[in-house]
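The block underneath contains the structure these notes are about, expressed in structure tokens.
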Amino acid sequence: SGGPLLNMAGEVIGINSAVSREGQGIGFAIPINMAKEIVPQLRKSGKVNRSWLGIYVAPVTDEVARREGLAAARGVVVTRVIDGGPAVDAGIHPGDVLMSFAGEEIADVADLRWRASLAGIGKDVPVGVRRGGKTLQVSLRLGRAPLD
């Protein structure tokens, strides 16, 4: 596929990357905001290096929100911490609810993944954590995402 994805005003909003033959007009595209972030890295080094938290997360359920004394289910809950990953050094534990990243509220799992991956390898980022009904701030030094 390839080529620009345009909106009705003729603005580029993505880069076409695939088309489903079975899906009559269904295509897949890389959002232009993502492309704007990764193109400079590709030009400079020929690859994309992403920063990494070293955790697995899930959406906050109503049960977790009640346990933590939250008015609503927001943020993300840590389901697993990777041994030797950045989150270990920051003192993040399974069950913690991450509420903010770099001073901004975490909307959902995809939001955290996107922002963490682009924040920068080696950067120290403040993370708002809810644990045992109390809110605390930790500083997390982002690592380089391992290759899949």
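The values are calculated or read from the model by the stated rules, or taken from the named source; none is laboratory data. Every value quoted in this text rests on a predicted model; they were computed, and no experiment measured them. No Cβ is skipped: glycine too gets one built from the backbone with ideal geometry, and neighbour counts run over all protein chains shown. The area values use the complete protein model at the heavy-atom level, side chains included, leaving out ligands, DNA and RNA. Shrake-Rupley method; radii C 1.70, N 1.55, O 1.52, S 1.80 Å.
Provide a single number: the residues in segment 51-64 that are in a loop (DSSP other than H, G, I, E, B) and in contact (Cβ under 8 Å) with a residue 60 or more places away in the chain.
Step one: filter segment 51-64 for residues in a loop (DSSP other than H, G, I, E, B), giving 53-54, 60-61.
Then drop every residue that is not in contact (Cβ under 8 Å) with a residue 60 or more places away in the chain, which leaves 53-54.
Matching residues across segment 51-64 total 2.
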Exercise for the section: Kindly indicate whether any position in segment 35-43 is among the basic types (Lys, Arg), in a helix (DSSP H, G or I) and over 23 Å from residue 110 (Cα atoms). Expected result: yes
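For (1) modelled with pLDDT under 80; (2) closer than 17 Å to residue 143 by Cα; (3) of a type in the set (Ser, Thr, Tyr), each residue gets a yes or a no:
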| position | (1), (2), (3) |
| --- | --- |
| 1 | yes, no, yes |
| 13 | no, no, no |
| 31 | yes, no, no |
| 40 | no, no, no |
| 61 | no, no, yes |
| 69 | no, no, no |
| 92 | no, yes, no |
| 98 | no, no, no |
| 111 | no, no, no |
Problem - Any hit, segment 66-81, residues being more than 14 Å from the chain's Cα centre (by Cα) and on the phi > 0 side of the Ramachandran plot - result: yes
Handout entry: Neighbours by Cβ (under 6 Å, 6+ apart or cross-chain): first from segment 23-35, of a type in the set (Val, Ile, Thr); second part of a strand (DSSP E or B)
Key = 30/14; 30/15; 30/17; 32/12; 32/13; 32/14
Exercise for the section: Would you check if there is a residue in segment 39-50 being open to solvent by less than 70 Å² (accessible area, probe 1.4 Å), under 14 Å from residue 129 (Cα atoms) and touching a residue at least 60 places away in the same chain (Cβ under 8 Å)? Expected result: no
